[in-house]
Amino acid sequence: MPRPSSRPHLLLAALPCLLAGCGTAGAPSHVLFGAYFPSWLLFALLWALLAAGVRVTMVLAGGGTHWPWPLALCTAASFLLALGLWLLTTGGLP
């Protein structure tokens, strides 16, 4: 078991990784309607739209009430769909 005094060193070692961020190129963004939108915001919007679509599809298929944990299922399925679409269209992670 590590000594309690050794844990701050681990935090100090991980701090440069957290500060690296997007590097010198800046945050990835897209121009929509004359304004810059960060990539993560567009990914979150795509994720929310796909979550609603997955839920509607589940209900129309008749399994909306029979499958366990429908919120977790919709969230996970829509995240995988959004990530796959994002990787296909942009070629990189959000």
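We did not get these values from a lab; they are worked out from the coordinates using the rules stated. Bear in mind that the values here come from a model prediction, so they are computed numbers and not experimental data. Reconstructed Cβ throughout: ideal geometry from the backbone, glycine too, with neighbour counts over all protein chains shown.
The table that follows gives values for the structure above.
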item: Pair residue 36, residue 89: separation of 7 Å Cα→Cβ label points (nm); result: 2.1 nm
item: Pairs of Cα atoms farther than 13 Å apart, the range 27-90, %; result: 66 percent
item: Sequence-separation-based contact order of the range 27-90, relative, with Cα cut under 8 Å and 6+ spacing, percent; result: 32 percent
